[in-house]
Amino acid sequence: MNTAPVRAPSVDEVETALVELGDHILTTPIWHWRSQRLARRLAPDTRVVLKLELFQHAGSFKPRGALCVMRCLDRPQLQRGVTAVSGGNHAMAVAYAAQIVHTHAKVVMPKTANPARVQASRELGAEVVLTADIASAFAEVERHQREEGRAFVHPFEGPLTALGTATLGLEFLRQAGDLDAVIVPIGGGGLCAGVASVVKQLQPRCQVFGVEPEGADSMHRSFAAGAPQKIDQIGTIADSLGAPYALPYSYALCRRYVDALVKVTDAELCAAMALLFADAKLAVEPASAAATAALLGPLRERLAGARVGLIVCGANIDPDKFHQHVTAGRAGIV
């Protein structure tokens with residue numbers, strides 16, 4: 001299927017962005033995951049490298065895109081402030097980035113957002129407005145734009161957001177070297193769009209796989225339709241991957257650079273969370289376990305014997321929810 005002719009960030013642009021972000025973004029580590037537990041679940045000779053982006057400022061990859069967007073705002077706009085809508089990770093990232101660029105963030109979150117993420121956004125300096133649901137949250141953000149002149153920082157769409165997420169891909173390849181495949185979680189597609197575009201420019205033979213929860217598969221539906229699609233209802237524990245729709249720019253980059261999409265169930269996410277905790281002592285949110293779940297499940301045989309990079313994208317989850325999910329998933333962890 002043809003996609004809209006959008007331009008991906010070049011490697012030179014990504015390198016420049018990474019330098020300009022400087023100390024405001026952490027160079028998160030990689031980890032070569034080797035264990036008997038993991039080996040029993042993988043096809044023979046599969047090797048796994050984790051990109052530990054959960055150690056990023058604000059607990060996820062999101063500050064990379066938010067900072068790239070907000071650094072381009074002019075002084076009058078910074079004086080008026082920014083606004084964003086989010087279930088948590090993007091709100092926290094915008095709050096963090098607002099401190100860096102010396103502006104004020106007003107973030108709108110649905111009342112169903114995890115209380116720990118709401119509190120973290122406030123602690124990072126944002127004014128938090130709670131609304132009944134995500135639809136009313138977008139309406140509230142539009143009001144802030146219209147009445148207060150705030151700049152809207154989108155959670156996943158646009159060239160600057162993809163430029164920011166591409167810095168993660170560039171950093172990962174520099175650390176890990178040649179990879180046969182990279183698996184990237186997909187919510188709205190901003191992370192996958194940036195990572196896939198730079199991976200394919202630097203390592204064209206490296207396969208890129210996007211992974212969505214079964215209950216939030218807007219990118220799958222968009223690929224099938226040949227254009228960005230909406231979903232009527234979101235039903236997954238991976239709330240960070242619960243985007244209600246795909247949008248043109250991130251969709252187009254994913255369609256061009258992603259080799260295939262796969263889905264995982266909530267049960268597979270819980271099992272992957274339990275394995276990451278048991279083996280790597282990583283307390284991740286469900287979205288962050290999606291790449292692991294994909295490798296252990298739908299991609300197991302396809303990537304047999306490959307050297308595979310997994311993006312561990314965030315860890316913003318409260319202890320009670322983490323315990324609940326890991327308890328559900330640990331029955332098979334021996």
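The values are calculated or read from the model by the stated rules, or taken from the named source; none is laboratory data. Note that the structure is predicted; figures quoted are calculated from it, not measured. Heads up, the Cβs are rebuilt from the backbone with ideal geometry, glycines too, and the neighbour counts pull from every protein chain shown.
Annotations
- Taking each residue of segment 64-84 that is at negative phi and looking for partners that are among the charged types (D, E, K, R) with beta-carbon atoms closer than 8 Å, six or more apart or interchain, yields R71/E20; R80/E148; R80/R150; V82/K106; V82/R150; T83/K106; T83/E148; T83/R150.
- Any chance T46 is among the hydroxyl-bearing types (S, T, Y), more than 18 Å from the chain's Cα centre (by Cα) and assigned by TED's automatic domain parsing to the domain that holds S222: yes
- Scanning segment 303-315 for residues that are within 13 Å of P286 (Cβ to Cβ) and crowded, with 24+ Cβ neighbours inside 10 Å yields V312, C313, G314.
- Matching residues, segment 277-331, being in contact with a helix residue (DSSP H, G or I) (Cβ under 7 Å, 6 or more places away or on another chain), part of a strand (DSSP E or B) and either of a type in the set (A, V, I, L, M, F, W, C) or closer than 22 Å to T46 by Cα (or both): V308, G309, L310, I311, V312
- Criterion (more than 20 Å from C68 (Cα to Cα), in contact with a helix residue (DSSP H, G or I) (Cβ under 6 Å, 6 or more places away or on another chain), at pLDDT 95 or above and of a type outside the set (K, R)) met by exactly one of P204, P185: P185
- Selected residue (only one of Q175, Q145 is surrounded by fewer than 23 Cβ atoms within 10 Å (Cβ to Cβ), touching a residue at least 40 places away in the same chain (Cβ under 8 Å) and not assigned by TED's automatic domain parsing to the domain that holds T83): Q175
- Residues in segment 240-261 that are within 15 Å of the chain's Cα centre (by Cα), part of a helix (DSSP H, G or I) and not aliphatic (A, V, I, L, M) were compared, and the one that is surrounded by the most Cβ atoms within 10 Å (Cβ to Cβ) is S250.
- All conditions but one from (1) under 24 Å from A283 (Cβ atoms); (2) buried (at least 24 other Cβ atoms within 10 Å of the Cβ) apply to C68; the one that does not is (1).
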